[in-house]
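Undergrad: Provided herewith is a single structure, encoded as structure tokens, for subsequent inquiry.
Each value in this text was obtained by applying a stated rule to the coordinates, not by laboratory testing. Since this is a predicted model, take the numbers as computed values, not measurements. No Cβ is skipped: glycine too gets one built from the backbone with ideal geometry, and neighbour counts run over all protein chains shown.
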Amino acid sequence: MAAIDDDERTRFDEFSNLARARRTSMIVDQEREVPLDLIAELCGLATWAPSHKKTWPWRFAVFTGDGRARLGNTMADEMERIDYGDEIRRAKTRTKYLRTPATLVVGCAPHENEMLHDENRDTVAAGIQNLLLGATALGLASFWSTPAITQPPAVLDLCGFDPDDRLVGMIYLGWAVQECPAPDRPQLPITHITS
Ligand SMILES: Cc1cc2nc3c(=O)[nH]c(=O)nc-3n(C[C@H](O)[C@H](O)[C@H](O)COP(=O)(O)O)c2cc1C
């Protein structure tokens, strides 16, 4: 008997195709807005990631319209304040969040226990992957990037996050207008021990 039946195989293949179809891309339709309720649904998907001790550490803030420039300016001002990066990099930061119709900032709560503090970030990263897969299923292009500084007080405040939260991902979102080639994956590094 096969290890899995036809329905299970079909379901796995569909999921596998979705996971493989997700690409890091910001080649999007600049004119087509991403509805806030869809972004909220994607954030909801993120919360179905596993969370050790049920700490539910994710934080979300959505920037659209002029809010994207405000996010960039706030980030660049923070970089300037702590003398991070050069003038060219800071100037780029001021406009970078305008590259897609929506930018979703995903943050992470701290934890007093060192291991749970690390695990909180793992949970948020797992949540982001859920979100990216959901975006792919909708036809949205997505691009996950890490901010230059992960605890800029003014950005955390703008996002409505707590001062000791940290930023995990700046997620660019927009309607995909082009398929992107997938970078090859290296051979699977699986160790198999049977006795
Ligand atoms: C935490 C994280 C940060 C990333 N930051 C960047 C980035 O700053 N610039 C970039 O071009 N890609 C960034 N990426 C995307 C990777 O470059 C991308 O996943 C990789 O090239 C594989 O392509 P794929 O996502 O289309 O499979 C990031 C991915 C992760 C998980």
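Undergrad: If the only charges are +1 at each Lys and Arg Cβ and -1 at each Asp and Glu Cβ, what is the size of the charge dipole of region 1-74 around the Cα centre, to the nearest 20 debye?
TA: Details: 11 positive and 12 negative charges, 125 e Å.
With only Lys, Arg, Asp and Glu charged at Cβ, the dipole is about 600 debye.
Undergrad: Also, quick follow-up: Work out which helices of the chain, taken as complete DSSP H runs, extend at least 20 Å along their axis over the Cα atoms and score a mean Kyte-Doolittle of -0.5 or more, then list them. The partial results should precede the final answer.
TA: Details: long enough: 6-21 (22 Å, -1.44); 67-81 (21 Å, -1.19); 114-138 (37 Å, 0.10).
Sorted by number, the helices that extend far enough and score high enough are 114-138.
Undergrad: List Cys180, Cys159, Cys108 from most exposed to least, where exposure is judged by having the fewest other Cβ atoms within 10 Å. Intermediate results must be reported in sequence, preceding the final value.
TA: On the way: Cys180 13, Cys159 21, Cys108 24.
With the sparsest Cβ surroundings first, the list reads Cys180, Cys159, Cys108.
Undergrad: Kindly identify region 54-195 as rounded, prolate or oblate by the Cα gyration tensor criterion: order the square roots of the eigenvalues as a ≥ b ≥ c, call it rounded if a/c is under 1.5, otherwise compare a/b with b/c, prolate if a/b is larger, else oblate. Numbers along the way, then the final one.
TA: Numbers: a/c = 1.79, a/b = 1.25, b/c = 1.44.
Since a/c reaches 1.5 but b/c is at least a/b, the shape of region 54-195 is classed as oblate.
Undergrad: Provide Met115, Met170 in ascending order of the number of other Cβ atoms located within 10 Å of each residue's Cβ, fewest first. Please list the in-between numbers first.
TA: Values: Met115 10, Met170 21.
So the residues, fewest neighbours to most, are Met115, Met170.
Undergrad: Treating only the Cβ of Lys, Arg, Asp and Glu as charged (+1, +1, -1, -1), what charge dipole size does the chain show about its Cα centre? Round to the nearest 20 debye. Write down the numbers at each step before the final one.
TA: Values: 21 positive and 29 negative charges, 86 e Å.
My answer is approximately 420 debye.
Undergrad: Using a cut-off of 17 Å between alpha-carbon atoms, which aspartates and glutamates can reach Lys92, once sequence neighbours fewer than 8 places away in the same chain are excluded?
TA: In chain and number order, the partners are Asp66, Asp77, Glu78, Glu80, Asp83.
Undergrad: Quick one: of the DSSP bridges fully inside the chain, what percent are antiparallel, nearest 5? Walk me through the intermediate numbers first.
TA: Details: 21 of 22 bridges.
Of the beta bridges lying entirely in the chain, close to 95 percent run antiparallel.
Undergrad: Once you have a ≥ b ≥ c as the square roots of the Cα gyration tensor eigenvalues for region 23-94, tell me rounded if a/c is under 1.5, and otherwise prolate or oblate according to whether a/b is larger than b/c. Walk me through the intermediate numbers first.
TA: On the way: a/c = 2.42, a/b = 1.39, b/c = 1.74.
Oblate shape, in that a/c is at least 1.5 and b/c is the bigger or equal ratio.
Undergrad: Another question, if that's okay. Test of understanding: in a Gaussian network model of the chain with alpha carbons linked when under 10 Å, which of Leu158, Leu167, Leu98 would top the mean-square fluctuation ranking?
TA: Leu158
Undergrad: Another question, if that's okay. From the helices alone, meaning DSSP H stretches of at least four residues, give me the mean residue ellipticity at 222 nm for the chain, per-run term -39500 (n - 2.57), in deg cm²/dmol to the nearest 500. Show your work: numbers first, answer last.
TA: Working: 6 runs with 84 residues, N = 195.
Mean residue ellipticity, 222 nm, calculated: -14000 deg cm²/dmol.
Undergrad: Report, by chain and number, residues whose modeled amide H sits under 5 Å from the one on Ala102, excluding near sequence neighbours (fewer than 5 apart, same chain).
TA: The list, which skips near neighbours in sequence, is Leu173.
Undergrad: Which one, Ala3, Gln129, Thr93, projects farthest toward the positive side of the charge dipole computed for the chain from Cβ point charges (K/R +1, D/E -1)?
TA: Thr93
Undergrad: Compute the Cα gyration tensor for region 150-195, then decide on rounded, prolate or oblate, letting a ≥ b ≥ c be the square roots of its eigenvalues: rounded whenever a/c is under 1.5, prolate when a/b is larger than b/c in the other cases, and oblate in all that remain. Don't jump to the answer; show the numbers that get you there.
TA: Working: a/c = 4.71, a/b = 1.54, b/c = 3.06.
In terms of gyration-tensor shape, oblate.
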